[in-house]
Amino acid sequence: MANDGWKTYRLGEVTENYDFKRVPVKEADRRPGPYPYYGASGVVDHVDQYIFDGEYLLIAEDGENLRSRKLPVAFIATGKFWVNNHAHIVTGNVLSNTRFLAYLLDRIDISGFLSGSTMPKLTQGNMNRIEVRLPTKPVQDAIVAFVSSLDRKLHVNLRMNRTLEKMAAAIFKSWFIDFDPVHAKAEGRDPGLPAEIADLFPDTFKDSDLGPTPKGWKPGSLGDVADSPRRGIKPSDVPPTTPYIGLEHMPRRSIALDAWGWAEDVASGKSQFKEGEILFGKLRPYFHKVGIAPVDGVCSTDIVVVTPKAAHWHGYVISLVSSKAFVDYTDSHSAGTKMPRTNWKDMSRYPLALPPEPLAKAFQDHVAPLHKRIGVNVRQNRRLAGLRDTLLPKLLSGEIELPAADTIAEEVT
């Protein structure tokens with residue numbers, strides 16, 4: 001029966017405390033190195049030495065985040081690292097699993113244990129008095145193993161997406177930036193491509209305003225192969241369950257957009273986009289926020305929606321606009337000092353040596369499966385994260401038991 005064997009403890013009864021080992025180091029005295037230097041809300045620097053090695057639970061000791069909870073107030077640190085005196089450091093004892101405590105503490109109300117009117121503080125004494133309700137240690141271990149298995153699937157998909165992105169970017173750079181197949185044919189070498197693709201590349205270069213470019217390629221610009229549809233929409237016309245993507249949802253230097261919110265909180269005009277279209281963060285473009293829309297939805301007007309003029313240009317366009325060279329170009333052409341913005345007009349003028357359409361089609365055939373797999377992984381991670389976030393509070397409270405959670409997970413995954 002759920003809740004059998006659950007008991008209420010004070011945190012000090014189920015943890016070992018290592019605050020005595022903490023050593024703050026002034027920024028001026030830190031020497032750069034490979035080891036994370038933790039503060040109240042996570043890593044604040046990297047240093048050349050460490051004082052902890054293993055798996056520990058760090059709990060914020062002070063800071064506004066203790067009240068706002070915008071970031072986790074309890075998080076796991078593993079491996080070799082340093083901790084300053086703004087975070088308590090503990091581990092579970094024989095009664096508790098360290099990660100179980102991390103899950104629990106980040107979800108319970110600790111406001112009654114905070115002191116300080118201006119700057120919130122969680123003293124060690126008050127921290128030790130926080131009440132936690134725990135099942136037996138074996139049950140805690142099993143719950144942690146279950147959640148960890150979901151997290152591993154998430155991380156596997158993330159790593160796979162990074163690999164797929166690198167593969168597509170490497171092919172783009174080889175074919176359209178470095179012109180490796182053209183160089184190989186010009187030097188009488190095998191370009192290492194299937195004959196039907198190798199035949200699409202010339203074996204000579206010609207001089208142009210862009211420098212030596214493959215013979216037969218035409219001078220042009222991004223606007224020749226892509227456009228930016230203007231689909232403005234009023235908040236009153238957006239159903240609340242519509243996916244919403246703002247700049248805050250877009251990762252840096254990754255075309256896999258795996259986070260979005262909902263239009264229920266939208267209070268100003270937005271832009272519509274369709275699944276598969278390209279989203280480019282135009283505010284502070286140096287943040288390099290570019291990706292493929294994973295769903296239909298609406299986005300912030302600080303995001304430019306880009307669409308290829310023909311389906312076979314999609315791989316070329318996303319590879320181009322997500323490249324460092326293009327992002328650097330938009331940054332240099334941005335208007336505004338504190339809040340620089342680019343725009344589609346300037347983006348569309350980016351100069352190119354345009355390859356023949358058959359070559360663009362061949363490239364699309366190469367990278368489309370990679371981009372499709374990225375989209376599949378994104379949607380699967382969305383389901384996994386939703387499953388984890390739904391089941392974890394119920395497991396932590398004893399509302400459901402692990403066998404039921406396993407059954408739900410199998411049905412979803």
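The values are calculated or read from the model by the stated rules, or taken from the named source; none is laboratory data. Everything numeric in this text was worked out from a predicted model, so none of it was measured. We place every Cβ from the backbone using ideal geometry, glycine too, and count neighbours over all the protein chains shown.
Taking the conditions exactly as written (farther than 21 Å from residue 168 by Cβ, buried (at least 16 other Cβ atoms within 10 Å of the Cβ), of a type in the set (Val, Ile, Thr) and not assigned by TED's automatic domain parsing to the domain that holds residue 372), does residue 266 satisfy them or not? Lay out the reasoning, then the answer.
Details: farther than 21 Å from residue 168 by Cβ: yes; buried (at least 16 other Cβ atoms within 10 Å of the Cβ): yes; of a type in the set (Val, Ile, Thr): yes; not assigned by TED's automatic domain parsing to the domain that holds residue 372: yes.
Here the answer is yes, as residue 266 does meet what is asked.
Considering only residues that are part of a loop (DSSP other than H, G, I, E, B), under 15 Å from the mean Cα position of the chain (by Cα) and not small (Gly, Ala, Ser), which ones fall in region 247-299? Talk me through it step by step, then tell me what you get.
At the first step, the residues of region 247-299 found to be part of a loop (DSSP other than H, G, I, E, B) are 250-255, 257-260, 266-269, 274-277, 282, 284, 288-289, 293-296.
Still in the list and also under 15 Å from the mean Cα position of the chain (by Cα): 250-255, 257-260, 288-289, 293-294.
250, 251, 252, 253, 255, 257, 258, 260, 288, 289, 294, listed by residue number.
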* Asked: Filter region 106-160 for residues that are without any contact (Cβ under 8 Å) to a residue 12 or more places away in the chain and of a type in the set (A, V, I, L, M, F, W, C); which is nearest to residue 74 (Cα to Cα)?
  -> 145
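When you look at residue 282, is it of a type outside the set (Val, Ile, Thr), in contact (Cβ under 8 Å) with a residue 40 or more places away in the chain, more than 22 Å from residue 168 (Cβ to Cβ) and touching a helix residue (DSSP H, G or I) at 6+ places or on another chain (Cβ under 9 Å), yes or no? I'd like the intermediate steps shown before the answer.
Details: of a type outside the set (Val, Ile, Thr): yes; in contact (Cβ under 8 Å) with a residue 40 or more places away in the chain: yes; more than 22 Å from residue 168 (Cβ to Cβ): yes; touching a helix residue (DSSP H, G or I) at 6+ places or on another chain (Cβ under 9 Å): yes.
Judged against the criteria, residue 282 is a match.
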* **Selected residue [at pLDDT below 95, buried (at least 17 other Cβ atoms within 10 Å of the Cβ) and more than 19 Å from residue 9 (Cβ to Cβ)] from 28, 40, 60** => 40
* Under the condition of being assigned to a loop (DSSP other than H, G, I, E, B) and out of contact with any helix residue (DSSP H, G or I) (no Cβ under 6 Å at 6 or more places or on another chain), which residue from region 208-225 is nearest to residue 351 (Cα to Cα)? -> 210
* Asked: Which members of region 64-107 meet the condition of being in contact with a Lys or Arg (Cβ under 9 Å, 6 or more places away or on another chain), under 16 Å from residue 9 (Cα atoms) and assigned to a loop (DSSP other than H, G, I, E, B)?
  -> 94, 95, 96, 97
* Here are 301, 330, 337: which of them is polar (S, T, N, Q), closer than 28 Å to residue 381 by Cα and either surrounded by fewer than 17 Cβ atoms within 10 Å (Cβ to Cβ) or in contact with a Ser or Thr (Cβ under 7 Å, 6 or more places away or on another chain) (or both)? -> 301
